[in-house]
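Let me begin by presenting the structure, written as structure tokens, before commenting on it.
The values are calculated or read from the model by the stated rules, or taken from the named source; none is laboratory data. What you are looking at is a predicted structure, and each value in this text was computed from that prediction instead of being measured. Note that each Cβ is placed from the backbone with ideal geometry, even for glycine, and that neighbours are counted across all protein chains shown. Please note that ligands, DNA and RNA were not included when accessible areas were found on the heavy atoms of the full protein model with its side chains. Shrake-Rupley method; radii C 1.70, N 1.55, O 1.52, S 1.80 Å.
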Amino acid sequence: MKTQTVAAGSTIADVARAILLSDDHELPVLPDVAVQLLKLTGDVNCELKDIVDLFKRDQSLTGHLLKIANSARYSSGQTVMSVQQAVARLGLLRVREVVMLISCQSRVFNVAGFEQDVRESFERSLATAAFAQEIARVRRLNVEDAFLCGLLHDIGRPMLLQALSDHRGSADHGVSDDEIRGTAERLRVAMAGKLIRSWELPARLECVIQHQVNPEDAAEFEQATAILNLAIDIATLALTEDADVPKQISHPMVGVLNLYPEDLASILHQQTAILEWVRSTV
């Protein structure tokens, strides 16, 4: 990954901002097969055979697909043995989810020297995606967008960890791991937006993710932003030392989303299944 040229004496935050503003900083790219699969599965009239043939062109993608199709979240109890079985069982929307998940895991969530940070980020992103999807399903809103926003909401963190770690190595920059972590935390949302634009994903995803911390500031997509904010907090609670999430929680977005107590209880009840899926995927 290319590092940015900055003035002598610049801080690591200056380097990060230069990366965000640069037009030629090399960003992770989606695998060619993944790009074609996303386009193909976006067409409700696409043929199953065409999807299967594309998967067969990428053995790594195929292996990940079969693993995920047999995970607790997607399995119906019968082992999936082929790509055709997996695609037929999952359906178009879930195939799209799986393709994005695999692409993120292989292209972004992998940073030497910050393995624990990246693992925790990926676990939190998966859990957030799953809880966001459950909330959206209860509210009868767009479940695919909810999943993608959860999956991508923290993707700027590993990208910055990688870029700043590379800069430190190439420029002999006297900066600590904690300084890199702190800078990544402050600028992770902006970096996520940069990747979403680079991958030519819908602009509404960037809008939702940009307001994940302060959803009340969102001028549009208010419900989707509220879903993401609530899902992040539920996922964080669920992942904290495997704490049992209570049947009810007090959260400002519950009112925004007009969730009834039984709706919230149903969502929170998914903790065990979601955590099992997360840990079988990471």
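Just one of Phe122, Phe131 is within 18 Å of Val208 (Cβ to Cβ), out of contact with any Lys or Arg (no Cβ under 8 Å at 6 or more places or on another chain) and of a type in the set (Phe, Trp, Tyr); which is it?
The match here is Phe131.
For segment 206-248, a residue qualifies if it is outside any loop (DSSP other than H, G, I, E, B), farther than 22 Å from Arg140 by Cβ, of a type in the set (A, V, I, L, M, F, W, C) and open to solvent by 20 Å² or more (accessible area, probe 1.4 Å), and the qualifying residues are Leu237, Leu239.
Say whether the condition of being of a type in the set (D, E, K, R) and either open to solvent by less than 30 Å² (accessible area, probe 1.4 Å) or under 13 Å from Leu20 (Cα atoms) (or both) is met by at least one residue in segment 186-193. The answer is yes, given that some residue of segment 186-193 is of a type in the set (D, E, K, R) and either open to solvent by less than 30 Å² (accessible area, probe 1.4 Å) or under 13 Å from Leu20 (Cα atoms) (or both). All conditions but one from (1) surrounded by fewer than 20 Cβ atoms within 10 Å (Cβ to Cβ); (2) in contact (Cβ under 8 Å) with a residue 60 or more places away in the chain apply to Ile180; the one that does not is (1). Scanning segment 194-203 for residues that are buried (at least 16 other Cβ atoms within 10 Å of the Cβ) and basic (Lys, Arg) yields one hit, Lys194.
Within segment 19-30, the residues that satisfy the criterion of being touching a residue at least 60 places away in the same chain (Cβ under 8 Å) and either open to solvent by 20 Å² or more (accessible area, probe 1.4 Å) or basic (Lys, Arg) (or both) are Leu20, Leu27, Val29, Leu30. What about Ala18, is it in a helix (DSSP H, G or I) and either more than 19 Å from the chain's Cα centre (by Cα) or more than 27 Å from Val143 (Cα to Cα) (or both)? Criteria met by Ala18.
In segment 115-126, the count of residues that are touching a helix residue (DSSP H, G or I) at 6+ places or on another chain (Cβ under 6 Å), more than 27 Å from Thr240 (Cβ to Cβ) and surrounded by fewer than 22 Cβ atoms within 10 Å (Cβ to Cβ) is zero.
When the helices (runs of 4 or more DSSP H) confined to segment 124-204 are screened for residues that are closer than 20 Å to Val29 by Cβ and touching a Ser or Thr at 6+ places or on another chain (Cβ under 7 Å), those reaching at least 3 such residues are found at 156-171. Of all residues in segment 50-65, those that are free of Cβ contacts under 8 Å to residues at least 60 places away in the same chain and of a type in the set (S, T, N, Q) have Cβ atoms under 7 Å from Cβ atoms of residues that are in a helix (DSSP H, G or I) and open to solvent by 60 Å² or more (accessible area, probe 1.4 Å), 6 or more apart or on another chain, in Thr62/Lys56.
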